[in-house]
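The structure appears right after this line, and notes come after that.
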Ligand SMILES: Cc1cc2nc3c(=O)[nH]c(=O)nc-3n(C[C@H](O)[C@H](O)[C@H](O)COP(=O)(O)OP(=O)(O)OC[C@H]3O[C@@H](n4cnc5c(N)ncnc54)[C@H](O)[C@@H]3O)c2cc1C
């Protein structure tokens, strides 16, 4: 199928893009940002999306950049999945994102799809939203009316394909905390074939002190609800299991209350297995890191 007719605009700068978005949003037009087009163009071809105006930001080199300091990496919204996956510096600085990016679709899709597009699309079965929630990243949303808003990834995803972005806003940058010494990561995806959307997936960061005690854990699940789901120790039993590094018990407890619409027992089992493996991988990497530091 072909998309419904639309007006196509290609701003030359972020400022121009924000002005165009503001003008059309103020006029009540259905205006959409186009980045890599790997989700939006499919929806338009199927006529599930019929924007009147398309603002193509794909050529804005200013958003295809990466900066890093001691604590964080600042990644532009137009950084492609393939760069996250293969760039040696990004692989070293945000290895969880690099590993997850390698699971997105196929190389052709990863060559075009962007970090900002993946987050803005807010698919609960997507890899990068889960990674950003698990790492405690911050999304920067920019508009001509209100300047820049910093929204924690945990608050950015609202529901299925729905985010905190307003029609006049652009997601411009994502600030991602780098792992500290003693922290290890794990990412596990269960899909029918590599590159298919996940049936279940989990990301985890385990933080170990030099004496081997658990300082903290952040873990999350994809394809387990209306948005990427952060799970954490909530009661004494969880805290005991955490101290004893009993990942199977934690994975069991943290998936017990989830509600799945299709084949719930099978889906819960997949989520539990993915979570246990991600936590175990994260612990193994944290252990190796803590030993290297000692
Ligand atoms: C065959 C196939 C398989 C795929 N498999 C996977 C998979 O396994 N995992 C996965 O996560 N994804 C998968 N994808 C989707 C892919 O990752 C997309 O690249 C991604 O979801 C959207 O990124 P994009 O840059 O292409 O965004 P676009 O398609 O251009 O835009 C997507 C949405 O985000 C909005 N948007 C884009 N950028 C911004 C911005 N900077 N600010 C505000 N709004 C913005 C658009 O308006 C639109 O609503 C697949 C796609 C295809 C075609």
Problem set entry | Residue identified as surrounded by fewer than 17 Cβ atoms within 10 Å (Cβ to Cβ) and either without any contact (Cβ under 8 Å) to a residue 24 or more places away in the chain or more than 19 Å from residue 38 (Cα to Cα) (or both) among 138, 86 | 86
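Give me the residue from region 24-40 that is more than 8 Å from the ligand (Cβ to nearest atom) and surrounded by fewer than 19 Cβ atoms within 10 Å (Cβ to Cβ) and, out of that set, modelled with the highest pLDDT.
Kept after step one, since they are more than 8 Å from the ligand (Cβ to nearest atom), are these residues of region 24-40: 24-31.
Now drop any that are not surrounded by fewer than 19 Cβ atoms within 10 Å (Cβ to Cβ), which leaves 26-30.
Values: 26: 88, 27: 89, 28: 90, 29: 91, 30: 94.
Among them, the one singled out is 30.
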Exercise. Any residue in region 14-23 that is more than 12 Å from the ligand (Cβ to nearest atom), part of a strand (DSSP E or B) and modelled with pLDDT of 95 or more?
Worked result: no
Problem set entry | Count - residues of region 94-126 that are more than 7 Å from the ligand (Cβ to nearest atom) and part of a helix (DSSP H, G or I) | 13
Exercise. With respect to the numbered conditions (1) out of contact with any helix residue (DSSP H, G or I) (no Cβ under 6 Å at 6 or more places or on another chain); (2) in contact (Cβ under 8 Å) with a residue 24 or more places away in the chain; (3) surrounded by fewer than 16 Cβ atoms within 10 Å (Cβ to Cβ), which one is the sole condition not fulfilled by residue 181?
Worked result: (1)
For this session: Return a yes/no flag: does region 184-205 have any residue that is under 19 Å from residue 138 (Cβ atoms), surrounded by fewer than 24 Cβ atoms within 10 Å (Cβ to Cβ) and in contact (Cβ under 8 Å) with a residue 24 or more places away in the chain.
Result: no
For this session: Go through region 54-73 and give me each residue that's within 16 Å of the ligand (Cβ to nearest atom) and not in a loop (DSSP other than H, G, I, E, B).
Result: 54, 55, 56, 61, 62, 63, 66
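Yes/no matrix, rows are residues, columns are (1) more than 15 Å from the ligand (Cβ to nearest atom); (2) assigned by TED's automatic domain parsing to the domain that holds residue 125; (3) not in a helix (DSSP H, G or I):
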{"site": "42", "(1), (2), (3)": "no, no, no"}
{"site": "75", "(1), (2), (3)": "no, yes, yes"}
{"site": "78", "(1), (2), (3)": "no, yes, yes"}
{"site": "83", "(1), (2), (3)": "no, yes, no"}
{"site": "89", "(1), (2), (3)": "yes, yes, no"}
{"site": "92", "(1), (2), (3)": "yes, yes, no"}
Problem set entry | Unmet criterion (only one of (1) within 16 Å of the ligand (Cβ to nearest atom); (2) within 26 Å of residue 111 (Cβ to Cβ); (3) modelled with pLDDT of 95 or more) for residue 192 | (3)
Seminar exercise, completed: Within region 252-272, the residues that are in a helix (DSSP H, G or I) and within 16 Å of residue 229 (Cβ to Cβ) are 252, 253, 254, 255, 256, 264, 267, 268, 270, 271, 272
Seminar exercise, completed: Just one listed residue, out of 219, 278, 241, is surrounded by 13 or more Cβ atoms within 10 Å (Cβ to Cβ) and not in a helix (DSSP H, G or I), and it is 219
Exercise. When the residues of region 141-167 are filtered to those that are more than 14 Å from residue 228 (Cβ to Cβ) and near the ligand (Cβ under 10 Å from one of its atoms), which remaining residue is surrounded by the fewest Cβ atoms within 10 Å (Cβ to Cβ)?
Worked result: 166
Exercise. Do any residues in region 223-236 that are over 9 Å from residue 125 (Cα atoms) have Cβ atoms under 7 Å from those of residues that are at pLDDT below 80 and in a loop (DSSP other than H, G, I, E, B), where the two are at least six apart or on different chains, and which pairs are they?
Worked result: none
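The values are calculated or read from the model by the stated rules, or taken from the named source; none is laboratory data. Model, not experiment: these values are computed from the prediction. Don't worry about glycine lacking a Cβ; one is built from the backbone with ideal geometry, like all the others, and counts go over all protein chains shown.
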